[in-house]
1. Computing the accessible area with a 1.4 Å probe over protein heavy atoms, can you report the carbon and sulfur percentage for the chain?
2. Output ³J(HN,Hα) for the range 390-400: one whole-Hz value per residue in order, computed from phi by the Karplus curve 6.51 cos²θ - 1.76 cosθ + 1.60 with θ = phi - 60°, and x for Gly and Pro.
3. With every protein chain left in place, what is the accessible area per residue of the chain in square angstrom, probe 1.4 Å?
4. Please sort 162-171, 232-241 by packing, taking for each peptide the average over its residues of neighbouring beta carbons within 10 angstrom, highest first.
5. Please work out the C-alpha center-to-center distance from the range 274-311 to the range 20-34 and express it in whole Å.
6. So which lysines can Lys187 reach, going by Cα to Cα under 19 Å and dropping same-chain residues fewer than 8 places off?
7. Scan the range 291-338 for chymotrypsin sites (Phe, Trp or Tyr not before Pro) in coil per DSSP, keeping those whose Cβ has at most 16 other Cβ atoms within 10 Å, and list them by number.
8. Residue-wise, which Karplus ³J(HN,Hα) couplings in Hz belong to the range 226-235, taking 6.51 cos²θ - 1.76 cosθ + 1.60, θ = phi - 60°, and x for glycine or proline?
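The values are calculated or read from the model by the stated rules, or taken from the named source; none is laboratory data. Being a predicted model, the structure only gives us computed values, none of them experimental. Because the Cβ atoms are built from the backbone with ideal geometry, glycine has one as well, and the counts that use them run over all protein chains shown. In case anyone asks, the SASA skips ligands and DNA or RNA and just uses the protein heavy atoms, side chains included. Shrake-Rupley method; radii C 1.70, N 1.55, O 1.52, S 1.80 Å.
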Amino acid sequence: MTELAAGIPAGIPAGLPVDLDALDLADPRTFRAHDQYAIWRRLRAEAPVFWNAPRGGRPGFWALTRYDDIMAVYKDDDHFTSERGNVLTTLLAGGDSAAGRMLAVTDGKRHQDLRNVFLKAFSPRALSYVAERVRENTRARVRAGVEMGACDFARDVAEKIPINTICDLLGVPEGDEHRDHLLDLTKTALSSDEVDADDEDAAEASLEARNEILMYFDDLVTEHRRTPKDDVIGAMVASSIDGVPLTDDDIVFNCYSLIIGGDETSRLTMIGTVPAMVGHPEQWAAYRAGEIETKTAVEEILRWVSPAMHFGRSALKDVTVRGTRIAAGDIVTLWNSSANRDEDVFDGPERLDLRRFPNRHATFGYGPHFCLGAYLGRTEVGAMLEALREFVAEMHITAEPEPVHSNLLSGISSLQVKLLPA
Ligand code: HEM
């Protein structure tokens, strides 16, 4: 069994000294060279409002690592906007082409109106059918993984669960042809599994994948206009804001937002459940014995894995954070993965405690842009925990796991395991 140091994604060298002057949080290689939690500990203690210097023609940006500061910015849409991008890739490129149209990069009244279009389709009640499909699909895939004996948990078990959930939501036709294609595109658009991928190549591949996703949804929206359907695209097609129907572009951008926002984050959390349990056999045993409720276990896995390391904003006005002046126009990044280990908020933050309660983790963000898919994300992680409990007695990690290559996402893209049946 591969033993994992607490909280350190496998494949990452632990304990390397972190030189704050040389630190570049925009460079995905930073997260391969260091244990990210060692970086966050240093920044929380020594530079909680950290200036990540400009490099190679791209602007510098602020990085906040303390829970309270991060939550305050998430909540403050008076001083901070998402409309110039909400992740480093778009913020550093000078903006997001979907600003004002895609939910995550729209602010103010338009954001609220758009969010209302979605909220009905995303209520736990409306999602009960999709949630049931998640549970069935997860059970089937975990059972198949156990039958295989040895498998890649990322590729053979977890990979297709979230993509199928979102495809169910959006009415993407059943069958692997469409859904596998979308999965490939999503993986390329957001992160790279390639360790040595050249940054420029990766950026180009990512852009191409984004465009292909948009084109795919353009066709799907046209089809929905021809034949109305009872799904999320159907709800968008039928809705209007202030009497003006949503345009095809509006709908396409928001389909993109759901697939990009909901696939890889959930997938990485489901995959991260395995090393979390393998690294904490006493917690796994207690969970299997029914001594721990799935509800608290789900929240702790979400805190522990923190699949989306950061989100970001741009300052609209001059503002002071913890005594440091941030100027209007500056980029401010919020590191959820650090907030989730803040010793001022969590008792023993470096300890996995599946019974932890309360657990006010920052994994889904906070404030007006709080994750729309939080209920679904929780359902997926809960389904994974329960399927593992039902079908698996022992899990063994049989090779060094492969981490994703990203400055946004954290987790494992390939996880060789042996699953012994319950
Ligand atoms: C927003 C994380 C699952 C759709 C967010 C935000 C975070 C987040 C941190 C806030 C972004 C910001 O403030 O700029 C996660 C994590 C997930 C997950 C960690 C899984 C474990 C999902 C799923 C869906 C989804 C399953 C949809 C099917 C969205 C959307 C937004 C969002 C549409 C934008 C909401 C808004 O701007 O009002 N997510 N998410 N997410 N998420 Fe998720």
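1. Working: 8850 of 17360 Å².
C and S atoms contribute 51 percent here.
2. Result, rounded to whole Hz: 6, 10, 10, 8, 9, 10, 10, 8, 9, 8, 4.
3. Values: 17360 Å² over 422 residues.
It amounts to 41 Å² per residue over the chain.
4. Details: 162-171: 22.8, 232-241: 18.3.
Order by mean packing, descending: 162-171, 232-241.
5. If we compute the Cα centre of each part, the gap is 27 Å.
6. Cross-link targets: Lys160.
7. Numbers: sites: Trp304, Phe311, Trp335; in loops: none.
Hits after loop and neighbour filter: nothing returned.
8. 5, 10, x, 10, 9, 9, 5, 5, x, 5
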